[in-house]
Amino acid sequence: MRRAQSLLAVLAVGIAVLVGFVAAATVPTPPPGQPTVEAELLAPSPAPELATVGAVVPTPARWIAADGRLRTAQVWAEAGLAEGDTITLVVDGSGRPLTPQPRYDDPTIVGLIAACATALTCWAMLAFMVAVWRRRLDALDDEQWESGWAAIEPQWSGRS
């Protein structure tokens, strides 16, 4: 049973790695042909709220649109960036920024989250199956012990 547990635990890791790679490959990217521009932040982006990692906050920025005009607007930037830092914006044909991309747009982060979630789920299912299996084996051991003791006890105690 321990070999089966070990084998299934390793198999869960393999499945998790595969799920992680598939999840990383499905991260959305800007639509093909959608223009992007480098925008300069005009002010530091506010610090994130308590315990917020990777937060995006509205921050003023400027960039040059495809038509050559200077544009200025509030854009979504990662919290904690300094004034003058540049970010990449996806813009429409007139140079206005589109809605922000999903925060978890890094394939590595998406793949790691998916892999860890898959591994934890597989290990939880494995632990549940082992507990059920162990309970059934214990019940069979108890039945064998009782039947064996019932056959031996009269001779052992001298009652036969």
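Suppose the filter is open to solvent by less than 70 Å² (accessible area, probe 1.4 Å) and either at pLDDT below 75 or not in a strand (DSSP E or B) (or both); does residue 47 pass it? Judged against the criteria, residue 47 is not a match. The one condition from (1) modelled with pLDDT under 85; (2) open to solvent by 50 Å² or more (accessible area, probe 1.4 Å) that residue 90 does not meet is (2).
Among the residues here, residue 109 does not qualify as closer than 30 Å to residue 126 by Cβ, modelled with pLDDT of 85 or more and not in a loop (DSSP other than H, G, I, E, B).
The set of residues in segment 134-160 being modelled with pLDDT under 85 and out of contact with any helix residue (DSSP H, G or I) (no Cβ under 7 Å at 6 or more places or on another chain) consists of 153, 154, 155, 156, 157, 158, 159.
The values are calculated or read from the model by the stated rules, or taken from the named source; none is laboratory data. The structure displayed is predicted, hence computed values, not measured ones. Counting neighbours? That spans all protein chains shown, and the Cβs are built from the backbone with ideal geometry, glycine included. The accessibility values were calculated without ligands, DNA or RNA, using every heavy atom of the protein model including side chains. Shrake-Rupley method; radii C 1.70, N 1.55, O 1.52, S 1.80 Å.
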